[in-house]
Amino acid sequence: MKKNITIYLLLLVTIFFACSEDKGNYDYAPANNLKIKGIPADTTVQSYEVLKLVPKFERSLLLSEEGLVYSWTIEGEEIATTRDLEYTIPGSLNVGKHDCRYIVTDSKNDMKYFYSFNISVTSPFSWGYYFLCEGANKESILSYFSAKEGTTDCIHVNNIGGYSLGSEPKAIIEKFGHISSLGNYYYTFYVISAKGETPTIITDNGAFMPTGLITNSSFMFEGDSYNPTDGVMMATGTPYFISNEKIYSYNSGLLYRPAQHDKEYKWSHPASYYSYVFVFDELSKKYYVLKNQINDPEQGLLSDSYALDRVVEIDGQPSYDGQTLITQSVGTDADAHILSLALAESGKINLISLRYINFRAAEDEAPEIKEQGILNASESLSLAGADANTRGILVGQDWYFVVGNKVYTSPVLMPQLADLTTLPDGLGVPVAVAVSSKETHLIIATYDASSSHENKGSFALVDLTTKEVKVYRNVMGKCVVAKGFDANSWF
């Protein structure tokens, strides 16, 4: 027993001296902990705007930042590895709130420090002027100029939400109404290019994100290709598109079959007011009305509400040879719909109206076609300098024409040209004319091919009441079509 106690005592003495001699074999220095400050918990930033964040550090021991590694993420995806953040918000990042994180790693001990925050992305595209332009290589570019007072520059994009606008820009068609997801009234519009993987992108001036894409895969039936050159929006809200010189309706996210006719037509320049389309045939050089086929099984005629299979003649049309279509517009006149045309030829403006009347009084009548398409009126006005570069628009009951830097007007009834205003020199030739949402201003886009500026396109706003002219020079490319989505047109 005494022997065992002696052994235990010797072991305890040995352990004591071993521990007292073990000096500096372990590093018990505390970590230089880091606290991240200076980043707002919530930040609002616009698409295409540069987000700048400069964090501040507090360290428990030394202030040194040596050995720190940085990472910034949005929705878990790394966007930068710099200490401070300077990041351009891409248009592909959805409008709305996003979870973000700043991660700092101390490479000396692999300690990680986190700071979570949110960014709310808003669209810079809202109420303003929209210009679909053609770039140097025919690429489609959408330029936007805000209606906010003090705006001086355009925003330019070649994609919407990461989807390319394509090339060979052609048209913008639109409808105005309530968008439930945004809780307000906005313009829904279709941006149309002839080529590209997404030739038509549907968006709005509220969130400015893609709400639909029209592509080769959008056809309900196989065998067609989508190469749009124009489009038209019916008052019913149904869009129609001209592709490969045929006309297609677009319903529930699908392109329907082309309208079928008893002879060949090559359609262009569609215009609509209600449930049918006025359209020009490049073969016969005439306008026609396209409608749904009437339902008459005895005659072998079956109505198809998705296709404009019936062609209605318009009698008495003049020749359009040697003329350039400036603008067209559809309106009503008593019991008829009127297609108003303005065409230019050398030194002259020709005004033509075509009248379409449907005499059917009730849907329960016998399926007898009672309708008439006729020439309503034709006028020619002498205008020095008028040629293929002349641009114009019909606003209410008045025509407006731009020839060089001169702007003219004429009433629809008893047409007679009068000077409206003169644009400043050096803007180039007019390439597009539009009207503001409330029809108070003309929007005149111009292009100067000889300009030394990178942006050779300009535009002018002409107040139709005061005739005041505001000019914004060299803010965009060559405009193909302009739109005035600058205000709520209903209020």
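The values are calculated or read from the model by the stated rules, or taken from the named source; none is laboratory data. Predicted model only: the values in this text are computed from it and were never measured. In this analysis, Cβ positions are derived from the backbone assuming ideal geometry, glycine residues included, and neighbour counts consider all displayed protein chains. The protein model used for the area step is the full one, side chains on, heavy atoms only, and it has no ligands, DNA or RNA in it. Shrake-Rupley method; radii C 1.70, N 1.55, O 1.52, S 1.80 Å.
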Checklist entry - Across the range 128-143, what is the number of residues that are surrounded by fewer than 20 Cβ atoms within 10 Å (Cβ to Cβ) and of a type in the set (A, V, I, L, M)? => result 1
Checklist entry - Among the residues of the range 164-177, which ones are closer than 18 Å to LYS138 by Cβ and open to solvent by 70 Å² or more (accessible area, probe 1.4 Å)? => result LYS170
Item to check | Qualifying residues in the range 466-491 (those that are in contact (Cβ under 8 Å) with a residue 60 or more places away in the chain and not hydrophobic (A, V, I, L, M, F, W, C)) - the one least open to solvent (accessible area, probe 1.4 Å) | outcome: GLY484
Checklist entry - Within the set of pairs 6+ apart or on separate chains, which have a first residue in the range 146-169 that is more than 19 Å from GLY206 (Cα to Cα), a second that is at pLDDT 95 or above and of a type in the set (Asp, Glu), and C-beta atoms under 6 Å apart? => result SER167/GLU139; PRO169/GLU134
Item to check | Set ASN227, ASN216: member being more than 26 Å from TYR144 (Cα to Cα) and more than 17 Å from the chain's Cα centre (by Cα) | outcome: ASN216
Checklist outcome for this item: Residue hits (the range 209-218; open to solvent by 10 Å² or more (accessible area, probe 1.4 Å), touching a residue at least 24 places away in the same chain (Cβ under 8 Å) and in contact with a Ser or Thr (Cβ under 8 Å, 6 or more places away or on another chain)) are MET209, PRO210, LEU213
Item to check | Criterion: of a type in the set (Gly, Ala, Ser) and out of contact with any strand residue (DSSP E or B) (no Cβ under 6 Å at 6 or more places or on another chain) - qualifying residue of GLY183, GLY206, GLY212 | outcome: GLY183
Checklist entry - Do you know which residues across the range 88-103 are under 17 Å from ALA41 (Cα atoms) and out of contact with any Asp or Glu (no Cβ under 7 Å at 6 or more places or on another chain)? => result GLY96, LYS97, CYS100, ARG101, TYR102, ILE103
Item to check | Subset of the range 34-47 that is farther than 16 Å from ASN94 by Cα and not charged (D, E, K, R) - its residue that is surrounded by the fewest Cβ atoms within 10 Å (Cβ to Cβ) | outcome: ALA41
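Results for (1) assigned to a loop (DSSP other than H, G, I, E, B); (2) surrounded by fewer than 20 Cβ atoms within 10 Å (Cβ to Cβ); (3) among the basic types (Lys, Arg), shown as yes or no for each residue.
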{"position": "LEU339", "(1), (2), (3)": "no, no, no"}
{"position": "ALA344", "(1), (2), (3)": "no, no, no"}
{"position": "ILE349", "(1), (2), (3)": "no, no, no"}
{"position": "SER353", "(1), (2), (3)": "no, yes, no"}
{"position": "ILE374", "(1), (2), (3)": "no, yes, no"}
{"position": "ALA377", "(1), (2), (3)": "no, yes, no"}
{"position": "GLY385", "(1), (2), (3)": "yes, yes, no"}
{"position": "TYR400", "(1), (2), (3)": "no, no, no"}
{"position": "ALA432", "(1), (2), (3)": "no, no, no"}
Item to check | Residue within the range 448-456 that is part of a strand (DSSP E or B) and either open to solvent by less than 60 Å² (accessible area, probe 1.4 Å) or of a type in the set (Phe, Trp, Tyr) (or both) present | outcome: no
Checklist entry - Which pairs do you get when a residue that is closer than 9 Å to ASN32 by Cα, found in the range 52-65, comes within reach of a residue that is modelled with pLDDT under 85 and surrounded by 11 or more Cβ atoms within 10 Å (Cβ to Cβ), reach meaning Cβ atoms under 9 angstrom, with the pair 6+ apart or on two chains? => result SER60/ALA31; LEU61/ALA31
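For TYR226, indicate whether it is in contact with a helix residue (DSSP H, G or I) (Cβ under 6 Å, 6 or more places away or on another chain) and among the hydroxyl-bearing types (Ser, Thr, Tyr).
In short, yes.
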Checklist entry - Just one of ASP106, ASP84 is modelled with pLDDT of 90 or more, under 30 Å from VAL157 (Cβ atoms) and open to solvent by less than 100 Å² (accessible area, probe 1.4 Å); which is it? => result ASP84
Checklist outcome for this item: Per the filter on the range 144-160, residues closer than 22 Å to TYR185 by Cα and buried (at least 20 other Cβ atoms within 10 Å of the Cβ) are TYR144, PHE145, ILE160
Checklist entry - Among the residues of the range 365-397, how many are charged (D, E, K, R) and modelled with pLDDT under 95? => result 4
Next on the checklist: If a residue must be small (Gly, Ala, Ser), modelled with pLDDT of 95 or more and either under 23 Å from ALA434 (Cα atoms) or open to solvent by less than 10 Å² (accessible area, probe 1.4 Å) (or both), how many such residues does the range 178-208 contain?
Outcome noted: 2
Checklist outcome for this item: Screening LEU62, LEU68 for residues that are among the hydrophobic types (A, V, I, L, M, F, W, C), more than 43 Å from the chain's Cα centre (by Cα) and modelled with pLDDT under 95 leaves only LEU62
Checklist entry - Does VAL50 meet the test of being at pLDDT 85 or above, open to solvent by less than 90 Å² (accessible area, probe 1.4 Å) and under 26 Å from HIS156 (Cβ atoms)? => result yes
Item to check | Residue in the range 331-352 that is touching a residue at least 60 places away in the same chain (Cβ under 8 Å) and among the polar types (S, T, N, Q) present | outcome: yes
